[in-house]
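Notes follow the structure.
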Amino acid sequence: MVLELLNRFTTNKYVHSAIILAAFYIISQIFVFICQKIILKITEKTKTDIDDLIVSKTSKPISFILLLIGLRLAIIPHPIKQGILDIIEHSISSLIIAIITYIVIVVFDILISNWGRKFASRTESTVDDEIVVLFQRFSRILLSFIGLIFILEAWGIKVGPLLASLGIAGIAVAFALQSTLGNIFGGVSLIVDRSVTVNDFIKLDDGTQGTVLDIGLRSTKIKSIDGDLIIMPNGKLSDSKIYNYHKPLPNTRVTIDFGVEYGSDVEMVRKIVLKELNSLNSVLKEPAPQVVFSELGDFALQFKALFWVASIDKKLEARETALVAMYSALNKNKITIPFPTRKIYMANGK
């Protein structure tokens with residue numbers, strides 16, 4: 001009698017379904033316990049925290065998938081109309097796909113954030129934070145779109161025509177956002193190439209020059225010599241010829257053109273000017289200053305004084321100091337700097 005009751009009890013469809021649900025619930029809880037109490041203890045010993053974050057944020061979603069699988073198996077013994085059964089199966093499949101998509105998005109977010117921290121440690125610009133956020137948003141949208149395609153496939157919806165229409169719409173949007181996208185990718189290329197960094201003094205081929213204050217996602221802020229703020233779109237900046245006075249070294253050369261009257265001793269002029277340049281604190285000893293006799297001008301012997309300073313910030317002040325010292329020394333040694341002159345010969349001696 002007892003065996004007969006036990007047999008009827010175990011063959012009852014509702015009891016059978018309840019046992020399956022209970023078994024999968026217990027399995028899911030055991031899985032969560034193992035992940036949080038055992039696997040996390042192991043991952044905490046590693047040098048990176050990526051594995052810790054992945055385990056802690058994906059253990060519960062995976063347990064939900066186990067419960068959904070148990071729910072699907074529990075429904076099998078029951079006689080359900082095919083239409084209703086299809087709806088239930090598609091719904092469960094959609095939930096499983098959605099959870100898997102969520103898990104993949106979480107893993108990508110963790111990996112991108114970890115990459116972003118390493119990338120930010122090598123740059124001085126705030127644009128790296130914006131790039132990381134941009135990549136995270138783009139990956140979320142892309143992965144969500146892929147998950148949506150699988151969900152539609154699970155419901156038997158053909159996604160081919162939909163993808164074709166979305167492709168055409170994407171092309172239209174890309175054309176509309178061409179300028180914005182160009183600026184964004186221009187900012188990314190500037191950061192990745194490291195051709196320009198914060199506090200660099202740069203000059204563009206259109207004459208714009210100044211110190212880089214910040215490299216944003218769409219534009220770069222430049223402080224001009226006069227203290228004005230110049231906001232340059234990154235697309236235009238990346239397409240320009242850039243003179244970077246801080247790379248490869250911050251040292252910059254100063255050139256001063258000057259002339260003395262004909263009849264002056266060339267070696268004496270060179271010696272006097274070199275002495276003055278070497279006495280200036282702002283002038284670097286290496287590379288050594290030079291004075292070059294450049295040409296026989298129309299009304300003067302033309303020279304070039306060449307010397308180096310530590311940075312572009314000292315260039316203007318160093319040039320003025322050198323000009324004053326050179327003029328004073330040449331004047332003291334009776335070496336004349338002539339005015340522009342021109343001789344005119346008249347016919348018949350007039």
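Since every read-out is calculated from the coordinates, none of them should be taken as a lab result. Note that this is a predicted model, so its numbers are computed, not measured. Here the Cβ is made from the backbone with ideal geometry for all residues, glycine too, and neighbour counts use every protein chain on show.
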Under 13 Å from the residue 337 label point (7 Å along Cα→beta-carbon), backbone N, region 224-257: 256-257
Residue-span extension gain [residue 304 to residue 255] - 0.36 nm each, minus C-alpha spacing: 17.0 nm
query: Based on the Cβ-Cβ distance of residue 198 and residue 228, what FRET efficiency does E = 1/(1 + (r/R0)^6) give at R0 = 25 Å, to the nearest 0.05?
result: 0.90
message: Can you return the lysines within cross-link range of residue 241? Criterion is Cα-Cα under 22 Å, with same-chain partners fewer than 8 residues away left out.
response: 203, 221, 223, 315
- request: Collect residues whose amide H, placed 1.01 Å from N in the peptide plane, falls under 5 Å from the amide H of residue 294; neighbours closer than 5 in sequence don't count.
  value: 302, 303, 304
field: lysines whose Cα lies under 29 Å from that of residue 343, excluding same-chain neighbours fewer than 8 positions away
entry: 304, 332, 334
- prompt: Put a dot 7 Å past each Cα toward the Cβ at residue 316 and residue 145; how far apart are the dots in nm?
  reply: 4.9 nm
message: List the residues, sorted by chain then number, that are 5 or more residues from residue 214 or on another chain and whose placed amide H is less than 5 Å from its amide H.
response: 221
message: Run the numbers for residue 324 and residue 214: contour at 0.36 nm per residue of separation, minus the present Cα-Cα distance, in nm.
response: 36.0 nm
message: Can you give me the distance in nm between label points at residue 271 and residue 86, each placed 7 Å from the Cα along the Cα-to-Cβ direction?
response: 10.6 nm
